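Values in this text are rule-based calculations from the coordinates and carry no lab data. Not measured: the values here are computed from a predicted model. Every residue, glycine as well, gets a Cβ built from its backbone with ideal geometry; the counts of neighbours run over all protein chains shown.
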Amino acid sequence: MTEFRNRLVKMGRHLRRWPSRGITCYRLYERDIPAVPLVVDRYEKCLHIAEFARPHNRTEFEHARWLKVMCDTAAEALDTDPALVFCKLRDRQRGASQYRRLDLARREFVVSEGGLKFLVNLSDFVDTGLFLDHRCTRNMVRKLAPGTRFLNLFGYTGSFSVYAAAGGAVETTTVDLSKTYVQWGKKNFLLNDLHGPTHRWVQEDAMRFVNSLDDRSQYDLVVVDPPTFSNSKRTEGDWQVQRDHGALLSKVVRHLSPGGIILFSSNFRKFQLEIDGLKGIQVREISRQTVPEDFRNRRIHRCWRIEKGGTG
């Protein structure tokens, strides 16, 4: 416990100036100490603590008591109200677990990032609604967005789309299979005073959506950030990122304008990009630019920039 506390105090001091840089949500601790396999993120005045499932010899009661001690220690070390510390168990994603609701408390907060506002739910879902490891990628989207037609596949709560719209995209299309996340994304747009028919929301499977596009549908900037695995009664089959990404990207490229860019990301540790059959594109891995410096795990995700050649 003492080592855990000291590590949090050290990181809290190291990152104390980040809010003055406009970064109020960031990672403080990521399984730095083997005996304390937790991840601690700050969401402004709140702490979000994730415990990753692993074998241990504690009874259920003993483990619950240990976890409470760790949460209380984090609250004290980081000068946070214990009522604003949220703890969740993360297991390996199976099926539609990324959509699984854990609670009905609806402890929702509006946080800021890059001058934009986002709704996070720190109590009810496995994930909070804002993936902190893509902070740099979102800023990259904003810089690339002016004048573009933007497509966001596996759009989750639409944070990439918010950045694109705020950055000057002439239109945005956000696609996600979950009604919950589509509605959540719409709330994020309203928080940032983003309105109008040029911002389109589609509750649909990403592959089915791309298959439905006609030849006139063209995009200049596309973000594809899929889960490792998912399934749903609303889809014909399951999604496996290693198996299915090549087919999806080949279809997306057909609807990419000359000079258009796809930012593709995966957090599957064993992932290998396989798009050798695609012609007329340039591919460059940009993970070093997209993983934020507060993430000790530099392989929290991998990201590629895929650009279509030609001038039309």
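Note on the range 2-91: semi-axes of the ellipsoid equivalent to its C-alpha gyration tensor, largest first and rounded to whole Å, are 23, 13, 12. Hey, in the GNM for the chain with a 10 angstrom Cα cutoff, which one of Ala145, Ala105, Ala169 fluctuates hardest? Result for the chain, Cα springs under 10 Å: Ala105 fluctuates most. Highest GNM mean-square fluctuation, the chain, Cα pairs closer than 10 Å: which of Arg107, Arg298, Arg58? In this elastic network of the chain, the residue with the biggest mean-square fluctuation among Arg107, Arg298, Arg58 is Arg58. Helix 60-77 and the long axis of the chain differ in direction by around 80°, with both axes built from C-alpha atoms.
Farthest towards the positive end of the charge dipole of the range 2-91, among the residues Ala35, Ala75, Cys25, is the Cα of Cys25, using unit charges on the Cβ of Lys, Arg, Asp and Glu. Rounded to the nearest 20, the Cβ-based charge dipole of the chain about its Cα centre (Lys and Arg +1, Asp and Glu -1) stands at 440 debye.
Just to confirm a number: summing +1 for Lys and Arg and -1 for Asp and Glu over residues other than His301 whose beta-carbon lies under 11 angstrom from that of His301, what do you get? Result for the neighbourhood of His301: +2.
Annotation: the residues Tyr163, Tyr219, sorted from fewest to most other C-beta atoms within 10 Å of their own C-beta, follow the order Tyr219, Tyr163. Compute the signed sum of charges (Lys and Arg +1, Asp and Glu -1) over the other residues within less than 11 Å, Cβ to Cβ, of Ala83. Net charge in that neighbourhood comes out at +1. Among the DSSP beta bridges whose two residues both lie in the range 128-308, what percent are antiparallel, rounded to the nearest 5? Restricted to the range 128-308, the bridges split so that about 40 percent are antiparallel.
Put simply, the amide H of His199, placed in the peptide plane, has neighbours under 5 Å in Thr172, leaving out anything fewer than 5 places away on its chain. Taking 7 Å steps out from each Cα toward its Cβ at Glu76 and Thr180 produces label points 3.5 nm apart. Full extension of the chain between Asn57 and Glu44 gives 1.2 nm of extra length, using 0.36 nm per residue less the Cα-Cα distance. With R₀ set to 41 Å, the beta-carbon distance separating Lys270 from Asp193 gives a calculated FRET efficiency near 0.45. Each residue in Met207, Met140, Met1 was given a count of other beta-carbon atoms within 10 angstrom of its own, and listing them fewest first yields Met1, Met207, Met140. Legend: ranking of residues Arg216, Arg17, Arg142 from fewest to most surrounding C-beta atoms inside 10 Å; resulting order Arg216, Arg17, Arg142. In the Gaussian network model of the chain, springs joining C-alpha atoms below 10 Å, which of Ile23, Ile49, Ile261 carries the largest mean-square fluctuation? In the Gaussian network model the winner is Ile23. Selection among Pro258, Gln289, Ile275 by position relative to the dipole of the range 249-312 gives Ile275 as farthest towards the positive end (Cβ unit charges, Cα centre).
Across the range 8-167, Cα pairs under 8 Å and at least six residues apart give a relative contact order of 17 percent. Every helix of 4 or more DSSP H residues in the chain counts as -39500 (n - 2.57), and over all residues that averages to -8500 deg cm²/dmol at 222 nm. For the chain, the longest principal axis of the C-alpha atoms and the axis of helix 241-254 are separated by about 40°. Relative contact order for the chain: 13 percent, from Cα pairs under 8 Å spaced at least 6 residues apart, divided by residue count.
Applying a threshold of 31 Å to the alpha-carbon distances of Lys187/Lys308; Lys68/Lys179; Lys117/Lys179; Lys88/Lys186 flags Lys187/Lys308; Lys68/Lys179 as lying beyond it.
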